[in-house]
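The values are calculated or read from the model by the stated rules, or taken from the named source; none is laboratory data. What you see is a predicted model, and the numbers here were worked out from it, not measured in a lab. For neighbour counting, all protein chains shown are included, and Cβ atoms are generated from backbone atoms with ideal geometry for every residue, glycine included. Keep in mind that these areas ignore ligands, DNA and RNA; they rest on the heavy atoms of the full protein, side chains included. Shrake-Rupley method; radii C 1.70, N 1.55, O 1.52, S 1.80 Å.
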Amino acid sequence: MRLLLVLSALLAAASAQSSYFSFSPAVGSGSGTSYTITGMGRITAVRTWENYNGHVRGIQLRYGFTWSPVAGYTGGTAHEIELFDDEFIVQISGKYAHYIQTLMIVTSRGRSINAGQPSGHSFNMYASHPMAELRFLSGRFHGGLTSIASHWAVLSTPTNGTAD
């Protein structure tokens, strides 16, 4: 239900300025419990967890100084990247089978975080607008992430130059 409300609000906003919002459809088997990771402001850090020599178990985003709830599970090997000021996420790629097998998240400065092991079908997600960035993630999990979708938008910044 919460996912539908969030998507409805974003679609309403997108209809006003459709070129500033884009959606990369879900990849993976899509079994299990649904998740949505969202927050206020820009994403400032990412954490992932992977099984040893296996699939991606969980993911977490930080907005400003606040960490989102974990989507999936926290067991296994953890990876984390903290973004610099004015750095943002521009690409998500990887491989999937039943689970998200590999996840690579790339920033506007060319830095990346990787989790999982490469096997399965390849995917690549990015925004349609050149100034857009990752705003939130959605998907499903069951024993690990079974699907992931990305939602992109241009982050509006106040005219006085301060971040929101």
Relative to the Cα centre, what is the charge dipole magnitude of region 81-164, using +1 at the beta carbon of each Lys and Arg, -1 at the beta carbon of each Asp and Glu, and rounding to the nearest 20 debye? 400
Skipping prolines and chain starts, which residues have an amide H placed within reach, meaning under 5 Å, of the one on Leu137, given they are 5 or more residues away or on another chain? Ile37
Per residue, how much accessible area does region 17-164 show when a 1.4 Å probe rolls over the protein heavy atoms, in square angstrom? 48
Which order do the peptides 49-61, 122-134 take when ranked by the mean count of other beta-carbon atoms within 10 Å per residue, highest first? 49-61, 122-134
List, in order, the whole-Hz ³J(HN,Hα) value for each residue of region 84-93 obtained from phi through the Karplus relation with A = 6.51, B = -1.76, C = 1.60 and θ = phi - 60°; use x for Gly and Pro. 6, 4, 6, 9, 8, 7, 10, 7, 10, 9
Per-residue ³J(HN,Hα) for region 52-66, Karplus 6.51 cos²θ - 1.76 cosθ + 1.60, θ = phi - 60°, Hz, x for Gly and Pro: 4, 6, x, 7, 7, 8, x, 8, 8, 10, 10, 10, x, 10, 10
Ordering of 136-144, 102-110, 90-98 by packing [mean C-beta count within 10 Å, highest first]: 136-144, 90-98, 102-110
Just for the Cα atoms in region 103-159, what are the lengths along the principal axes, largest first, rounded to whole Å? 44, 24, 17
Taking amide H positions as placed in the peptide plane 1.01 Å from N, state which residues far from Arg57 in sequence (5 or more) or on other chains have amide H under 5 Å from it. Trp49, Glu50, Asn51, Leu145
Taking Thr44, Thr66, Thr146 and ranking on accessible area (1.4 Å, protein atoms only), highest first, one gets Thr66, Thr44, Thr146
Here, Asn124 and Ala97, labelled 7 Å along Cα→Cβ, have an inter-label distance in nm of 2.3
Provide the descending list of Cα extents for region 40-164 along its principal axes, expressed in whole angstroms. 47, 27, 23
